[in-house]
Every structure is written in C-alpha cells, then in structure tokens.
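Trainee: Sharing a structure below in structure tokens format, with a few things to ask.
The values are calculated or read from the model by the stated rules, or taken from the named source; none is laboratory data. Small disclaimer: the values here were computed from a predicted structure and weren't measured. Surface areas here come from the heavy atoms of the whole protein model, side chains and all, with no ligands, DNA or RNA. Shrake-Rupley method; radii C 1.70, N 1.55, O 1.52, S 1.80 Å.
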Amino acid sequence: DLINEIATKAGKKLSALIQRQLQQWIAVLPSYIKACLPISCCIR
C-alpha cells in the first residue's frame, strides 16, 4: 500500500518505473517466500 501511495503521488513515468521494479523483484523471489506474502495483487 505504501509503494502504491508513493507511486500515485510521483507521477505516471515514475509510477510505471516503480511498478516495474517491484514486479521484477517479486518475480525473482523464491516460491516459498511468495507463498507467505500477500503479494498476489502486485503480480500481473
């Protein structure tokens, strides 16, 4: 929620960059960590 709030206030280009970086970070997490985190809303 915090990252989404910051991204919303930062503008479209920066928001897109933050979202891509977050998605890339989530993508490389081991599946056992992903299973423990409520991050399904962030993965597209």
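Trainee: Tell me the Kirkwood radius of the chain: reciprocal of the mean inverse pair distance over distinct alpha-carbon atoms, in Å.
Mentor: On the way: mean 1/r = 0.0903 Å⁻¹.
Evaluated over the chain, this radius sits at 11.1 Å.
Trainee: Additional query: Compute the accessible area per residue over the chain, keeping the other protein chains in place, probe 1.4 Å, unit Å².
Mentor: Ligands and nucleic acids excluded, the figure is 86 Å² per residue.
Trainee: Treating the angle as unsigned and between 0 and 90°, give the value, to the nearest 10°, between the Cα long axis of helix 12-27 and the longest Cα principal axis of the chain.
Mentor: For helix 12-27, the angle is close to 10 degrees.
Trainee: Right, here's the next one. So, with a 1.4 angstrom probe, what is the percent of accessible area on the chain that is carbon and sulfur?
Mentor: That share works out to 63 percent.
Trainee: For every helix of n ≥ 4 consecutive DSSP H residues, a contribution of -39,500 (n - 2.57) applies; sum these over the chain, divide by its total residues, and give [θ] at 222 nm rounded to the nearest 500 deg cm²/dmol.
Mentor: -19000 deg cm²/dmol, from helical runs alone.
Trainee: Between Y32 and I3, 0.36 nm times their residue separation minus their Cα-Cα distance comes to what?
Mentor: 8.2 nm
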